[in-house]
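Report on the following structure.
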Amino acid sequence: MVVVDRDAAGAQATADDLGKVGRAAAVDVTAEAEVKAMIERTEAEVGPIDLVASNAGILSGYGVEAPDDVWNQVWSVNVLAHVYAARAVIPHMLERGEGYLLNTASAAGLLSQPGDAPYSVTKHAAVALAEWLAITYGNAGIKVSCLCPMAVDTAMFGPGAGSTRANAAAVTGVLSPEEVAEATVEGLRDERFLILPHPDVALFEQRRASDRDRWLAGMRRLASG
């Protein structure tokens, strides 16, 4: 298993936790050339890639007033990183007639994220990309799952996330990384497209689809505290 992160030390620490099967690679997933090189190196040195877990993501903390460089950065991490991984590995998977893509989006990609427009928009795009991949390559042996958690107790969504964390925690609670990992393994085992560690997200999405105006009113109440 190859652990990829821009933080080389962090990637190595995780790889060490995996024991003999763990390897680390320092890669900026917003740089397509680095992603492609990592995929090619892994195929050549480790063997055929069965599963790619594309997991990078960032918050912005801005609304529509976010500067263009912030919009571009969030777009690059939350969407283009998935594109680059798919571009690099799908040809190998098509040649073998099998493979699995696990793209992490967010419950915000099915619902919304009050207070963070770039995050909401890009996570919707990430879900749409995963759907497109499943439609386009599902009959060619390539499976696709889209992981959409709400609040998870990680550095990204820790106490420093302020109202974003508080709102999500009030609605569904904050899960540990281990709980999300267990839900993810179960979802992959069942080959489900949507993996929802917070099961209530499915109900919220149904409410959104059945009565958009009522759902929007509820989200406004949530955003106003």
| remark: Filter the range 3-29 for residues that are surrounded by fewer than 17 Cβ atoms within 10 Å (Cβ to Cβ) and among the aliphatic types (A, V, I, L, M); the one that is nearest to Ile49 (Cα to Cα) is Val21
| field | Count of the range 198-225 residues which are of a type in the set (Asp, Glu) and exposed (fewer than 10 other Cβ atoms within 10 Å of the Cβ) | value | 1
| request: Quick one: count up the residues across the range 63-83 that are surrounded by 17 or more Cβ atoms within 10 Å (Cβ to Cβ) and in a loop (DSSP other than H, G, I, E, B). | output: 1
| request: Take the residues in the range 171-197 that are surrounded by fewer than 13 Cβ atoms within 10 Å (Cβ to Cβ) and closer than 28 Å to Arg220 by Cα, then tell me which one is modelled with the lowest pLDDT. | output: Gly173
| remark: When every residue in the range 1-45 that is part of a loop (DSSP other than H, G, I, E, B) and at pLDDT below 95 is compared, the one nearest to the chain's Cα centre (by Cα) is Arg6
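Kindly check whether there is at least one residue in the range 116-126 that is touching a strand residue (DSSP E or B) at 6+ places or on another chain (Cβ under 8 Å) and assigned to a helix (DSSP H, G or I).
Residues of the range 116-126 touching a strand residue (DSSP E or B) at 6+ places or on another chain (Cβ under 8 Å): 126.
Cutting the leftovers down to assigned to a helix (DSSP H, G or I) gives us 126.
Within the range 116-126, one or more residues are touching a strand residue (DSSP E or B) at 6+ places or on another chain (Cβ under 8 Å) and assigned to a helix (DSSP H, G or I).
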| said: Given the criterion under 11 Å from the mean Cα position of the chain (by Cα) and of a type in the set (S, T, N, Q), identify the matching residue among Ser112, Ser106, Ser60. | reply: Ser106
| If you go through the range 191-225 one residue at a time, how many are under 19 Å from the mean Cα position of the chain (by Cα) and of a type in the set (Asp, Glu)? | 3
| Conditions (1) surrounded by 22 or more Cβ atoms within 10 Å (Cβ to Cβ); (2) among the hydrophobic types (A, V, I, L, M, F, W, C); (3) closer than 14 Å to Leu147 by Cα; number of the one not met by Ala128 | (1)
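Is at least one residue of the range 92-114 over 26 Å from Ser176 (Cα atoms), assigned to a helix (DSSP H, G or I) and aliphatic (A, V, I, L, M)? Show your work before the answer.
Going residue by residue through the range 92-114, those that are over 26 Å from Ser176 (Cα atoms) are 92-99.
Going one step further and asking which of them are assigned to a helix (DSSP H, G or I), we end up with 92-96.
Of the ones still in play, those that are also aliphatic (A, V, I, L, M) are 93-94.
Yes, the range 92-114 has at least one match.
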| message | Residue under question is Ala168, and the condition is that it be within 14 Å of Gln113 (Cα to Cα) and modelled with pLDDT under 60; does it hold? | response | no
| note | Going through the range 135-146 in order, the residues found to be open to solvent by 10 Å² or more (accessible area, probe 1.4 Å) and under 15 Å from the mean Cα position of the chain (by Cα) are Val144
| remark: Of the residues in the range 76-115, those that are touching a Phe, Trp or Tyr at 6+ places or on another chain (Cβ under 9 Å) and in contact (Cβ under 8 Å) with a residue 60 or more places away in the chain number 4
| task | Among the residues of the range 43-62, count how many are open to solvent by 20 Å² or more (accessible area, probe 1.4 Å) and closer than 23 Å to Met150 by Cβ. | result | 9
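The values are calculated or read from the model by the stated rules, or taken from the named source; none is laboratory data. Note that the structure is a prediction, hence the values are computed from the model and not measured. Note that we place each Cβ from the backbone using ideal geometry, even for glycine, and neighbour counts take in every protein chain shown. Protein only, heavy atoms only, side chains kept; ligands, DNA and RNA dropped before computing areas. Shrake-Rupley method; radii C 1.70, N 1.55, O 1.52, S 1.80 Å.
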